[in-house]
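Worksheet: the structure to be examined is printed underneath.
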Amino acid sequence: MISLTVHLYGKFKRPGTGGDMRMEAEAGTSVGELMDRLGLRGEVYRMVLVNGIRVGDGHRPADGDELHVFQPVGGG
Amino acid sequence: MKLLRARVAVVGAGGLGGLAVELLARAGTGELVIVDGDRFGEDNLNRQILCRIEDIGAPKTEAAARRVREINPAVTPIPRRVFLDDDNADGILQGCDAALDALDHIGARLALERACARVGIPLVHGSIGGLLGEVAVSAPGSGRLEALFGADGPARGAEVELGTPTPTPAAVAALQVSETVRLLTGGGGPLAENLLICDLDALVFPLVRLKNREPEP
């Protein structure tokens, strides 16, 4: 098992839990599978940083990693 | 005096850019290169401070230069009525001390970052969508925005579904100008290593530590 720290921002926050949470997962679990658990897999505008680096859904976080999940914005 | 001797490029003269021009002129930035090939439309009135009813249809750079002259005669506006791209960017940015990203297209932001790296100046990035904004500083050659958005990522973000409401550009442009003045006057600051996320709905402003290199496959 791996333990992750997850920060959710904006509309991705889960009601009643704020934006910060811990997630436990099987070793080898992908970011996409974690997003499935959060109900965020289908979000068109979604960015995931793992330890400060943007990753795709195929990335497999390691124990102790920190994830930031937010909507990228490009307007001016 | 450092600010009065500085030349800053504000790239984009819309929501973020108009406010940045206003604030940088009031702060006494010596020369403002204002880059935008666009004209004002009615849908700009909600948030673009340089846009008045009588400006609909007028070039954005024209309104920006007029506003600078109204605010502070010690500041010289240098309007460039073009859209910045890989071909013209170096010439526009040459001689500038910093650039402020006020564009509305992620691809253009990456072109601006590449040009800033070639010319050797820092870029103060800002972008908005709904009540969300972000601010970051890209040191020349750091590739910070490319690492963040991806070289082949989507051209637009959540602003497509969230729109660009009135207060968001004001908040983000103020932060961009604060960081630009800090850079020009010798400061470093937390955005050297972090992305600032501005959530005006939840009223939280987290700093997210960034790394530039790509993860191992």
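The values are calculated or read from the model by the stated rules, or taken from the named source; none is laboratory data. Computed from a predicted model, the values in this text were never measured in an experiment. All Cβ positions, even for glycine, are placed from backbone atoms using ideal geometry, and neighbour counts span all protein chains on display.
Figures for the structure shown
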| item | result |
| --- | --- |
| One residue from B:Ala63, B:Ala102 being in contact with a strand residue (DSSP E or B) (Cβ under 8 Å, 6 or more places away or on another chain) and crowded, with 22+ Cβ neighbours inside 10 Å | B:Ala102 |
| Count of segment B:98-120 residues which are of a type in the set (Lys, Arg) and over 16 Å from A:Val73 (Cβ atoms) | 2 |
| Tally of residues being assigned to a loop (DSSP other than H, G, I, E, B) and either touching a residue at least 40 places away in the same chain (Cβ under 8 Å) or closer than 16 Å to B:Leu19 by Cα (or both) across segment B:36-61 | 12 |
| Any chance B:Gly30 is of a type outside the set (Lys, Arg), over 23 Å from B:His105 (Cβ atoms) and in contact with a strand residue (DSSP E or B) (Cβ under 9 Å, 6 or more places away or on another chain) | yes |
| Residue in segment B:62-71 that is touching a Cys at 6+ places or on another chain (Cβ under 6 Å), farther than 16 Å from B:Leu103 by Cβ, at pLDDT 95 or above and not in a strand (DSSP E or B) present | no |
| Residue among B:Ala158, B:Ala151, B:Ala136 that alone is farther than 20 Å from B:Ile49 by Cα, buried (at least 17 other Cβ atoms within 10 Å of the Cβ) and more than 16 Å from the chain's Cα centre (by Cα) | B:Ala158 |
| Unique residue being within 11 Å of another protein chain (Cβ to nearest Cβ) and surrounded by fewer than 21 Cβ atoms within 10 Å (Cβ to Cβ) when the list is B:Gly143, B:Gly107, B:Gly95 | B:Gly107 |
| B:Phe83, sole failed condition from (1) within 14 Å of chain A (Cβ to nearest Cβ); (2) of a type in the set (A, V, I, L, M, F, W, C); (3) crowded, with 19+ Cβ neighbours inside 10 Å | (3) |
| Scan of segment B:170-190 for residues that are in contact (Cβ under 8 Å) with a residue 60 or more places away in the chain, within 16 Å of B:Ala98 (Cα to Cα) and in contact with a strand residue (DSSP E or B) (Cβ under 8 Å, 6 or more places away or on another chain), ordered by number | B:Ala173, B:Gln176, B:Val177, B:Thr180, B:Leu183, B:Leu184 |
| Long-range neighbours under 6 Å by Cβ, at least six apart or interchain, first residue free of Cβ contacts under 8 Å to residues at least 60 places away in the same chain within segment B:18-32, second part of a helix (DSSP H, G or I) and surrounded by fewer than 19 Cβ atoms within 10 Å (Cβ to Cβ) | B:Ala25/B:Ile71; B:Arg26/B:Ile71 |
| Hits in segment A:1-20 (condition: under 13 Å from A:Gly64 (Cα atoms) and surrounded by fewer than 16 Cβ atoms within 10 Å (Cβ to Cβ)) | A:Met1, A:Ser3, A:Thr5 |
| B:Val33 vs. criteria in a helix (DSSP H, G or I) and more than 12 Å from B:Gly14 (Cα to Cα) | no |
| Filter result (of a type outside the set (Asp, Glu) and buried (at least 22 other Cβ atoms within 10 Å of the Cβ)) within segment B:111-120 | B:Leu112, B:Ala115, B:Cys116 |
| Residue among B:Thr180, B:Thr166, B:Thr185 that is crowded, with 23+ Cβ neighbours inside 10 Å and more than 10 Å from every other protein chain (Cβ to nearest Cβ) | B:Thr180 |
| Wholly within chain A, strands (runs of 3 or more DSSP E) carrying at least 2 residues that are at the interface with chain B (Cβ under 9 Å from one of its Cβ atoms) | A:47-50, A:53-55, A:66-70 |
